[in-house]
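For reference, the structure is listed below as structure tokens.
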Amino acid sequence: MAILSTFAATQTRSRALVYYRDLVLVLLAKEFKVRYKNTFMGYAWSVLHPLVLALIFSLFFSVFVRLQVPDYTLYLMAGLFPWQWVSNTCFGANGYFLSNASLIKKVRFQRWMLVLSGVLNEAIHFVCSLPVVIGFMLYYSKSPEWNWLWAVPLLLGIQIVMMTGVGLFIGTCNLFFRDLERLVSLLVQLLFYLTPIVYTADMIPPGYTWLLYANPFAALIVCWQDLFYAGTLTPAFVATAAAWSAAWALMGGCVYACKVWRFAEIV
Amino acid sequence: MYNDVAIRLRGVSKRYHLGSPVGEGIKHLILHLPSQIKALRQRRPFHALTDVSFDVRRGECVSLIGRNGAGKSTTLSLIAGVLRPSDGKVETYGRICPLLELGAGFNHQLTGRENILLNGVLLGLTRREVRQRTAQIIEFSELHDFIDAPLRTYSSGMVVRLGFSVAVHLDPDILLIDEVLAVGDARFRTKCFERMEHFRRRGTTMIFVSHDTGSVSRISDRVALFDAGRLIDIGEPGRIIDAYQQRSLAA
């Protein structure tokens, strides 16, 4: 019974911090074990999906369509891995609360921890896929720059906050509109093609570049591509990604905070 | 004065809006927009609980009785902090452990041992505190041979045993028990009651919801009678149970 007020009354603040850490850890461990319990391939599955997509796209666009992008396969990987995190969160978010219905109905705890642990789970998968990206970099005789040391944690932080906001927003809304799932999958498809993943940002005609800033995920993906593909970061895109991240966190947090008390009634 | 009270309800009401018009999904809402808006305007709240006030003293065992839909479970959910009252105030002092549904939050892919940790933390202990109790929990559940097998291989009785064992080893200040004892076999029920007696001796505050007047009179200090969302009477078990049976016969 993780009631904050109860803790304030009977527990010390430091115990509450330990408790919240433990809550995230056990939920994270649960996600991980459940995900891998019945699959001996485990880690391979999470890498395989973007890898296969990258191979299809590189066959299609660099062999058939003859798109002129140097090291195109590496470019694809640089966008597809972070995008996989985005799309997994959007799809997973539908169930963060819904699939824990019995828990929400019966036990009081900080419900947003369910979203946070789901997002951290995806974050771990993303970090574990970095060696594959590095492998492709080495193949194209590139290597990670020193700036990774601060740039990777920075982008990770931006994406974790953003994904938590997205997860809270979709997870909460899906409790009230149960067919949101279909709409979300449609929007994710749409945003995938509106994000420079299979094409590059400078292929976009001048009249359409505003899309890069209007698309909530584009700036973040471009940042990862800059880092993996060119070894640099563009401040304008980092700022845009951070702004979207804050916007999502605010939006998700507000929707969640307004509706969290009704979860147990409607789930 | 406050030290004496474990749970305090003051003028507590709970209303639900039945049949949320958006529950059918966005498509339905948009396709039937005019009628949906009308429904939204006209919907009447359902009064699950109306103006309920009572105190439970520390170490006291209070049972809630009443017919189905009388508001007993809503009261329990409000005390557990899963629901928030529409009006009034619910105050609780101490750590609450809800036995609303044994094994709520159990994951059937995980082993018994993993579920002990998961459930223990969800119910408010740190990992360390759960680990200190794991041996006792396994001992009490009598699931030694199966504790490292996935929960999906358990029988329903075994899941209930594990859930009860976790819940009773959390050293709660307040224990909420919602008709869970109905599911076990005779031996398990006996064990549950022994455990509840033990809690009573230790001064744990208990709220017990049951239709079984026998176990209610056996365990409670006071009984609260609910009907149609209102608290009809609260007091000495024998008198209230009589009143309850009179009402049942009259209805």
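The values are calculated or read from the model by the stated rules, or taken from the named source; none is laboratory data. Here the structure is a predicted model, which is why all the values come from computation and not from measurement. Positions of Cβ are backbone-derived with ideal geometry, glycine not excepted, and every protein chain shown enters the neighbour counts.
Looking only at residues that are surrounded by 16 or more Cβ atoms within 10 Å (Cβ to Cβ) and of a type in the set (S, T, N, Q) in the stretch B:110-162, which one is farthest from B:Ile174 (Cα to Cα)?
Filtering the stretch B:110-162 for residues that are surrounded by 16 or more Cβ atoms within 10 Å (Cβ to Cβ) and of a type in the set (S, T, N, Q), the one farthest from B:Ile174 (Cα to Cα) comes out as B:Thr111.
Does B:Val166 fit the bill of being under 18 Å from the mean Cα position of the chain (by Cα), of a type in the set (Val, Ile, Thr) and over 26 Å from A:Ala16 (Cβ atoms)? Before you say what the answer is, go through the steps one by one.
On the way: under 18 Å from the mean Cα position of the chain (by Cα): yes; of a type in the set (Val, Ile, Thr): yes; over 26 Å from A:Ala16 (Cβ atoms): no.
For B:Val166, the condition - under 18 Å from the mean Cα position of the chain (by Cα), of a type in the set (Val, Ile, Thr) and over 26 Å from A:Ala16 (Cβ atoms) - is not met.
Would you please name the residue that is farthest from the other protein chains (Cβ to nearest Cβ), looking only at residues in the stretch A:79-125 that are touching a Pro at 6+ places or on another chain (Cβ under 7 Å) and of a type in the set (A, V, I, L, M, F, W, C)?
A:Leu80
Could you grab me the full set of residues in the stretch B:211-251 that are in a strand (DSSP E or B) and not acidic (Asp, Glu)?
Correct list: B:Arg222, B:Val223, B:Ala224, B:Leu225, B:Phe226, B:Arg230, B:Leu231, B:Ile232, B:Ile234, B:Gly235.
Where in the stretch A:189-267 are there helices (runs of 4 or more DSSP H), lying fully within it, with 3 or more residues that are over 27 Å from A:Met113 (Cβ atoms) and either touching a helix residue (DSSP H, G or I) at 6+ places or on another chain (Cβ under 8 Å) or modelled with pLDDT under 95 (or both)?
Working: elements: A:210-214, A:218-225, A:235-259, A:263-266.
Where helices (runs of 4 or more DSSP H) fall fully within the stretch A:189-267 and carry at least 3 residues being over 27 Å from A:Met113 (Cβ atoms) and either touching a helix residue (DSSP H, G or I) at 6+ places or on another chain (Cβ under 8 Å) or modelled with pLDDT under 95 (or both), they are A:210-214, A:218-225, A:235-259.
Just to be sure I understand, how many residues within the stretch B:75-90 are more than 9 Å from chain A (Cβ to nearest Cβ) and farther than 21 Å from B:Glu179 by Cα?
Residues in the stretch B:75-90 being more than 9 Å from chain A (Cβ to nearest Cβ) and farther than 21 Å from B:Glu179 by Cα: 6 in total.
Going through A:Leu74, A:Leu67 one at a time, which residue ends up being farther than 29 Å from A:Gly167 by Cβ and more than 22 Å from the chain's Cα centre (by Cα)?
Only one candidate passes the filter, namely A:Leu67.
Just a yes or no: is a residue in the stretch B:134-154 closer than 28 Å to B:Val216 by Cβ and out of contact with any Ser or Thr (no Cβ under 9 Å at 6 or more places or on another chain)?
no
Mind listing whichever residues of the stretch B:200-216 are closer than 24 Å to B:Leu78 by Cα and either among the acidic types (Asp, Glu) or surrounded by fewer than 20 Cβ atoms within 10 Å (Cβ to Cβ) (or both)?
B:Arg200, B:Gly203, B:His211, B:Asp212, B:Thr213, B:Ser215
Does B:Arg127 qualify as being touching a Ser or Thr at 6+ places or on another chain (Cβ under 7 Å), within 9 Å of another protein chain (Cβ to nearest Cβ) and among the basic types (Lys, Arg)? Walk me through it before giving the result.
Working: touching a Ser or Thr at 6+ places or on another chain (Cβ under 7 Å): no; within 9 Å of another protein chain (Cβ to nearest Cβ): yes; among the basic types (Lys, Arg): yes.
No.
Check B:Ala182, B:Ala135 and return the single one that is of a type in the set (A, V, I, L, M) and at pLDDT 90 or above. Give the steps one after another, and end with the answer.
Details: B:Ala182 fails: at pLDDT 90 or above.
Of the residues listed, the single one that is of a type in the set (A, V, I, L, M) and at pLDDT 90 or above is B:Ala135.
Of the residues that sit in the stretch B:14-72 and are hydroxyl-bearing (Ser, Thr, Tyr) and surrounded by fewer than 16 Cβ atoms within 10 Å (Cβ to Cβ), which one is modelled with the highest pLDDT? It would help to see each step written out before you state the result.
Our first condition is that a residue be hydroxyl-bearing (Ser, Thr, Tyr); within the stretch B:14-72, this holds for B:16, B:20, B:35, B:50, B:53, B:63.
Those left that are additionally surrounded by fewer than 16 Cβ atoms within 10 Å (Cβ to Cβ): B:20, B:35, B:53.
Working: B:Ser20: 56, B:Ser35: 76, B:Ser53: 95.
Here the residue is B:Ser53.
Please work out which one of (1) more than 21 Å from A:Phe32 (Cβ to Cβ); (2) part of a helix (DSSP H, G or I); (3) aromatic (Phe, Trp, Tyr) is the condition A:Trp146 fails and give its number.
Single failed check for A:Trp146: (2).
Which members of the stretch A:174-198 meet the condition of being surrounded by 21 or more Cβ atoms within 10 Å (Cβ to Cβ) and closer than 19 Å to A:Ala247 by Cβ?
Residue satisfying the conditions is A:Thr195 alone.
Please go through the stretch A:232-261 and pick out each residue that is in contact (Cβ under 8 Å) with a residue 60 or more places away in the chain and not hydrophobic (A, V, I, L, M, F, W, C).
Answer for the stretch A:232-261, where residues must be in contact (Cβ under 8 Å) with a residue 60 or more places away in the chain and not hydrophobic (A, V, I, L, M, F, W, C): A:Thr232, A:Ser245, A:Gly252, A:Gly253, A:Tyr256, A:Lys259.
Which of the residues that make up the stretch B:150-169 are within 13 Å of chain A (Cβ to nearest Cβ) and out of contact with any Gly (no Cβ under 7 Å at 6 or more places or on another chain)?
Those that are within 13 Å of chain A (Cβ to nearest Cβ) and out of contact with any Gly (no Cβ under 7 Å at 6 or more places or on another chain): B:Pro150, B:Arg152, B:Thr153, B:Ala167.
With the requirement that a residue be in contact with a Lys or Arg (Cβ under 7 Å, 6 or more places away or on another chain) and part of a helix (DSSP H, G or I), what does the stretch A:149-185 give you?
A:Thr172
State all residues of the stretch B:115-137 that are within 16 Å of A:Arg15 (Cβ to Cβ), in contact (Cβ under 8 Å) with a residue 40 or more places away in the chain and not hydrophobic (A, V, I, L, M, F, W, C); if no residue qualifies, say none.
Hits for the stretch B:115-137 are B:Gly120, B:Gly124.
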